[in-house]
Structure formats: C-alpha cells, structure tokens
1. Does the stretch 420-447 hold any residues that are open to solvent by less than 20 Å² (accessible area, probe 1.4 Å), within 30 Å of Lys271 (Cα to Cα) and of a type outside the set (S, T, N, Q), and which are they?
2. Touching a helix residue (DSSP H, G or I) at 6+ places or on another chain (Cβ under 9 Å) and more than 13 Å from the ligand (Cβ to nearest atom) - does that describe any residue in the stretch 90-102?
3. Say we look at the stretch 152-190 and pick out the residues that are among the hydrophobic types (A, V, I, L, M, F, W, C) and closer than 18 Å to Glu89 by Cβ; which of these is farthest from the ligand (Cβ to nearest atom)?
4. Please state which one of Tyr69, Tyr107 is over 10 Å from Ala38 (Cβ atoms), under 32 Å from the mean Cα position of the chain (by Cα) and open to solvent by 60 Å² or more (accessible area, probe 1.4 Å).
5. If I ask for residues that are within 11 Å of the ligand (Cβ to nearest atom), in a loop (DSSP other than H, G, I, E, B) and open to solvent by 20 Å² or more (accessible area, probe 1.4 Å), which ones from the stretch 1-49 would you list?
6. Is it the case that some residue within the stretch 114-125 is within 11 Å of the ligand (Cβ to nearest atom), assigned to a helix (DSSP H, G or I) and either open to solvent by less than 60 Å² (accessible area, probe 1.4 Å) or modelled with pLDDT of 90 or more (or both)?
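The values are calculated or read from the model by the stated rules, or taken from the named source; none is laboratory data. All figures in this text were calculated on a predicted structure; none of them were measured in a lab. Ideal geometry is used to build each Cβ from the backbone, glycine not excepted, and the neighbour counts take in all protein chains shown. All accessible areas refer to the heavy atoms of the entire protein, side chains included, with ligands and DNA or RNA removed. Shrake-Rupley method; radii C 1.70, N 1.55, O 1.52, S 1.80 Å.
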Amino acid sequence: MINVAIDGPAGAGKSTVAKAVASRMGLIYLDTGAMYRATAYTALSRGIDVTDEDSVKAMLEDMSMDIAYENGVQQIYVNGVNTTPYLREHRMSKAASDISALPPVRYKMVELQRLFAASHDVVLDGRDIGTFVLPEANCKFYMTATAEERADRRYKELVEKGQQVDRDALLKDIMQRDYNDSHREVAPLKQAEDAEYLDTTNMSIDEVVQHVMRRIREKVDPHPAEAPSEVEAKEENKASKGSDRIKKYYKPLKSYGFYKFMRLILVPVQKLFWPIKLVNPQNAVKGRAIYICNHYSKVDTFLPLVKLFKKEPHILAKSELFEVPISAWFLYHMGAIPVRRGEADIDCVKCVLKLLKDDKQLMMFPEGTRNKQGTQQMAEIKSGAARFAIKTKATVVPMMYYSKPRLFRRNWLYIGEPFTLEQFYGARDVEGRHAATEFIAQKLDETRKALNEYVETLKDKKGKPGKEK
Ligand code: DC
C-alpha cells in the first residue's frame, strides 16, 4: 500500500495539496481533520461540552463513523447521517481542536485511520500522521507557513466567498489553534524525524504540489507508465535543471586563492566594522571538526571564517543562495557548500563526509535558519550536525555569539569546550540521532551560560558591556 503523510499546522495548505496530489496520482485523499470536526459536530449538536472527557467518552460508545466518497469528494457519516455540510463552519474549527485533545477521541480516530490506510493507497493530512498514526508511511511531509501568511490566505479565501472577517481575529485564532494542537498530551502536532520540512510561505500551491509528487514518485513510483502532464513535465524539467546547475558546487575547490585574496579585504573590514573578541581561542581544535554556531545575521557567517579559518573555509549555506549564478560563483569560491534544507540532501551529505574524512573543518548553523528576533533562545536544533559527527567521529566545537553582531562595537564570539558524540557512535536509528541532537543542544546551552557569565564578569569590572575597547 502507498501511504503518504502530510502534517502541519492549520492553514498551511495541506488539504489543497493533498487533494491535488491524490487526484493526479490516482490515490485516495483522507482528510483526518474532518473526522475530528465530525466528532465535534456530533458533540455540539447533542449539547455536549467538547472539553468534558467523560461525556465525550460516553458519546463515543454509541458513535459510528463511516467514510464514503461521492463524486470523488469525501463524506463523513456519523450514525448514518452525513455531517459533511456542517464541518467547515467557523465554530467547528475551535471545537475540533478542543475535542481532538481528548485521548479517547484520538484513539478512536487513529484506529479508523489506520484501518483505512491498511486497505487503500492513500494521502492523509493531519497533525500526527507521520509521528503517530502511520509511523511507517512511505513518504512524509511537514508542511508549514508563517502564522501571518496562513491568516492572510484564510482571510482571502473567506473574503472571496463574500464573508466579512477580521484578519487580526483570524490570526489570533490560528495562533491559539497552533498552541492547542502542539501542546496537547497525546500525539501533539510535531514534525516526524523522517518527514520532509516544507515551508510554503513563499511557494505557490502548484510548486508545492509538483514538489510533493516528485518526492512520492522517487520513493514509491506508483504509476510508472503514466506520463506526466505537459505542465508537470515543464515544471520538473525546470527544477531538475536548477538542481543540476547546483550539483557542480558540491565538487571540492582546487585552490583557495580567491578566498585568501578576499581575506586581505575582509580582515580589515571586519576589524573596522565588527570588531570581534574571540573568547577561548584555545578551544578551536585543529584537524577533523564541526564548528556549530548560533545564527543572527548574514554578517555572522563570515566573521568566524576570517577569524578562525585562515586557509580553507568550508561552510554550509542554503541552496537558494546558489540559484543566482554570480552569487553561486562567489559563495563557492568562498568555500560554501549548498544544502537543500528540509530534505535529505545526498549531494551535500557526500561532500561533507568526504571533507571531514580528509580531516578538514566544517562550519554550520545547526538551527538551519536565522534568529531574526535576536533573542538568546535558539530555535530547534536540526539533526544534521549529529549525523555528521556520528558518522565521521569528528570533534564538535560549539560557538556562541553573545548577540547579533553590532557595528563599531566589540562583539563576543565564545568558543565552548569541544566534545565528541562517542556515546552515540553505534546509534543509527531515529531515537539515537534524536538523543545525540539533544546532547548537542545541551552543549550549546552550556556554552551560552558560560558566555553570559563571562560577559557578566566583564560588566562588573568595566561597567556597560560593548562599550569598552
Ligand atoms: O485540519 P483541520 O483544521 O480540519 O483540523 C481540525 C482540528 O482537528 C485541528 O485543530 C486539530 C485536529 N486534528 C488532529 O488533532 N489530528 C489530525 N490528524 C487532524 C486534525
């Protein structure tokens, strides 16, 4: 059976994408959110409080749910009555979110969903499909977009339908549902380790659909005889040309002459504009190592390079930056390696493993994104650094900026205690990688604490931080 799982928060475009993919690939689409909505509808129509677990549990005992397809459109029957026309009412969204947090509801729905998936080639969309309902699904996606973008999409959709809505209220609503769905005890909304992360904020629906179909074909190839439509073929051609073009940047550079030349310019620029105090330079180990660092701004990518990697830099940079030829050329000659974020980028992995095995040093930003708020709190650490460090037994060197690099002020870059992931070297499974990633996150936390203490002592000695020369 083909089982495709698409999870993500409300309004990320999951159902639109899942429907289009299912219809073009001859799969069945199961909207699991509608099942929770139908349960909420049943409770509301019987006057049952959707947060009262005992009453809802009693209701479930004599509630039967059947899923049917009429003219290709999913219908949900509860005790023989079609509830579908009422499920998209606004009040049902909040009620479904509340009722879906109750364990007896989840267990019943999950059982139905597993039964359905066991006997159909299916695309399911929901919150917990990849993590809980179908952990063995062939293909998993975690689709999201910023809360603002999701509220805007919903706003446009409702306005087009002639409804009057308050955009701020929609945004508040979405944020509340995100919170509810990701903080409930049983099977909360979470990205599965092996799911592909897809941020659709700047993507059109068609781009997402093409991308998802391409991935499914790569993994399961359900109907190989079926030729893609003309539009699909064009899109695929464009995408594969893009990735072919990027492929050449995975080849190791023959000479770092350009980088050495650029250092002649960058070192004085750095000294003048972003004076930086490297704390604990003795922790910068030689030989095979992965330097990991928090990431605030574009500037913080080049400061450690000019300070630490005097001969040969190797740094991971998002592949989007390689789409413009001139920027690709420049980055490549500055030692950047493209990484396609949110997917298992085999070309990048091969390139990194080779350079670490050659005892070179890699620098990466394990959050995979910039911290635009400028807070000390880091985003979730991705598993890439742990995978590389386990596979190559490289030393990991944690680094931490005190704050976003500031112009004409002294900035601190703290080098923490180097460590290895020796205790995880045997770990090849998801849990092992997860534990190793947690360990790295802990080490980064310790580095942040040590850095803050260091800055506090400076403050005590010299007054305000950042002013002294
Ligand atoms: O996707 P939707 O907005 O129709 O989902 C309605 C609610 O149902 C949502 O707030 C969370 C819940 N839900 C869930 O808990 N698990 C799923 N697999 C799907 C939906």
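1. The one that is open to solvent by less than 20 Å² (accessible area, probe 1.4 Å), within 30 Å of Lys271 (Cα to Cα) and of a type outside the set (S, T, N, Q): Leu444.
2. Of all residues in the stretch 90-102, those touching a helix residue (DSSP H, G or I) at 6+ places or on another chain (Cβ under 9 Å) come to 90-102.
Remaining after also requiring more than 13 Å from the ligand (Cβ to nearest atom): none.
No, there is no match, as no residue in the stretch 90-102 is touching a helix residue (DSSP H, G or I) at 6+ places or on another chain (Cβ under 9 Å) and more than 13 Å from the ligand (Cβ to nearest atom).
3. Within the stretch 152-190, the first condition is being among the hydrophobic types (A, V, I, L, M, F, W, C), and the residues that meet it are 158-159, 165, 169-171, 174-175, 186-187, 189.
In the following step, the residues that additionally are closer than 18 Å to Glu89 by Cβ were identified as 158-159, 165, 169-170, 174.
Numbers: Leu158: 14, Val159: 19, Val165: 16, Ala169: 16, Leu170: 13, Ile174: 10 Å.
Across the stretch 152-190, the extreme among qualifying residues is Val159.
4. Values: Tyr69 fails: under 32 Å from the mean Cα position of the chain (by Cα).
None of the other options fit; the residue is Tyr107.
5. The answer is Gly11, and nothing else.
6. no
This table checks each residue for (1) of a type outside the set (Ser, Thr, Tyr); (2) exposed (fewer than 15 other Cβ atoms within 10 Å of the Cβ); (3) in contact with a strand residue (DSSP E or B) (Cβ under 6 Å, 6 or more places away or on another chain); (4) part of a strand (DSSP E or B).
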| residue | (1), (2), (3), (4) |
| --- | --- |
| Phe261 | yes, yes, no, no |
| Lys271 | yes, yes, no, no |
| Leu278 | yes, no, yes, yes |
| Val285 | yes, no, yes, no |
| Leu303 | yes, no, yes, no |
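Conditions tested, residue by residue: (1) assigned to a helix (DSSP H, G or I); (2) of a type in the set (Ser, Thr, Tyr); (3) free of Cβ contacts under 8 Å to residues at least 40 places away in the same chain.
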residue	(1), (2), (3)
Lys94	yes, no, no
Phe132	yes, no, no
Arg154	yes, no, no
Val165	no, no, yes
Ala169	yes, no, yes
Arg177	yes, no, no
